[in-house]
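As structure tokens, the structure follows; a few thoughts come after it.
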Amino acid sequence: MATARQRILVVDDDATVQDVLTFFLGNAFEVRSATTGVDALVELCHGPVDLVVLDHRLPDRTGLEVLTDLRSVRPNVPVIMLTGFGSEWICAAAFRLGVADYLQKPVNAVDLVGTVQRILSPALGGGDSPCETSILGSSPVSVSLPIQRAMGLIQQRYWDQFSLSALARQVGMSKYHLSHRFREVLGVTFRDYLLRVRLERAKALLAAGHVSITEVAQNVGFGDLPRFDKVFKRYTGFTPSAYRSLVISQSNK
């Protein structure tokens, strides 16, 4: 019988962290998500979880508050805390509550994936350098530092008017080489990855409910609302307004 995959729960209202872990570790682990502290505790109470990646800044509660409740439900589950603040007291409080590690946002994908592997699969994370370790599960292609830098730039500035040429210059590669390596490493094109990051962020904003659809489109890099509507429907099967209605109705049940 096949062994059940270990489950990672990402607690973050920004889908980028889940996106990165799914890209790199989706073949080896099951990656699930929760966008609020309440949702995270529901997930922890109703199913097995082997690792929690927890953002400190959540819509309803702080990560430290969630961590305190999490410890009463699952005292032994390892937790990686993420924060964009970098305050020393947050770090100290997190370690007092038993976090396995602590990373500052924006998180470098190599550091995040390497930390997850070190905790869940120590044998995979024991190399001299995270860039020398294959972090694509069964894929023989190892991740190069320029590709990680390119991903980081996209994750940090997904709303910007990105061009492959400009991105290639920033990571020190030719346009052709970057395009080839991006597809080789991730299995998708640069444009596909950028689009996915934008649309996942759009889904999170739509689910939040307090931003207009026009603002969502602009915030994720679509200046043309009809194009956003068309692309979003092709990606999700729903128009942005229908997706928002569905998510809100489900959350109210």
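Summary table
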read-out: Of residues in region 32-50 being in contact with a Lys or Arg (Cβ under 8 Å, 6 or more places away or on another chain) and not in a loop (DSSP other than H, G, I, E, B), the one nearest to D192 (Cα to Cα); value: R32
read-out: Whichever residue in region 44-84 is polar (S, T, N, Q) and more than 15 Å from D13 (Cβ to Cβ) and, among such residues, is surrounded by the fewest Cβ atoms within 10 Å (Cβ to Cβ); value: N76
read-out: Residue in region 192-206 that is acidic (D, E), more than 21 Å from R32 (Cα to Cα), surrounded by fewer than 20 Cβ atoms within 10 Å (Cβ to Cβ) and over 20 Å from the mean Cα position of the chain (by Cα) present; value: no
read-out: Enumeration of residues in region 16-43 that are over 16 Å from G114 (Cα atoms), surrounded by 22 or more Cβ atoms within 10 Å (Cβ to Cβ) and of a type in the set (A, V, I, L, M); value: A34, A40
read-out: Hits in region 30-50 - residues which are touching a strand residue (DSSP E or B) at 6+ places or on another chain (Cβ under 9 Å) and either over 18 Å from V17 (Cα atoms) or among the acidic types (D, E) (or both); value: E30, D39, L41, V42, E43, L44, G47, P48, D50
read-out: Residue check, V231 closer than 30 Å to P59 by Cα, of a type in the set (V, I, T) and without any contact (Cβ under 8 Å) to a residue 12 or more places away in the chain; value: no
read-out: Residues within region 214-239 that are farther than 18 Å from D14 by Cβ and in a helix (DSSP H, G or I), tallied; value: 10
read-out: Residue count for region 93-103, restricted to those that are open to solvent by 40 Å² or more (accessible area, probe 1.4 Å) and of a type in the set (A, V, I, L, M, F, W, C); value: 3
read-out: Answer residue from region 158-213, given it is outside any loop (DSSP other than H, G, I, E, B), of a type in the set (S, T, Y) and without any contact (Cβ under 8 Å) to a residue 40 or more places away in the chain and is nearest to Y243 (Cα to Cα) among those; value: S179
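Yes/no per residue for (1) modelled with pLDDT of 90 or more; (2) under 15 Å from V20 (Cβ atoms); (3) of a type in the set (S, T, Y):
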residue	(1), (2), (3)
R157	no, no, no
Q161	no, no, no
L167	yes, no, no
R201	no, yes, no
A208	no, no, no
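Here's the yes/no breakdown for (1) of a type in the set (D, E, K, R); (2) more than 17 Å from K203 (Cα to Cα):
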site	(1), (2)
V11	no, no
L25	no, yes
S33	no, no
T36	no, no
D39	yes, no
V42	no, yes
G47	no, yes
D55	yes, yes
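The values are calculated or read from the model by the stated rules, or taken from the named source; none is laboratory data. Since the model is a prediction, treat every value here as computed from it, not as a measurement. Please note: Cβ atoms are built from the backbone with ideal geometry, for glycine as well, and neighbour counts cover all protein chains shown. Keep in mind that these areas ignore ligands, DNA and RNA; they rest on the heavy atoms of the full protein, side chains included. Shrake-Rupley method; radii C 1.70, N 1.55, O 1.52, S 1.80 Å.
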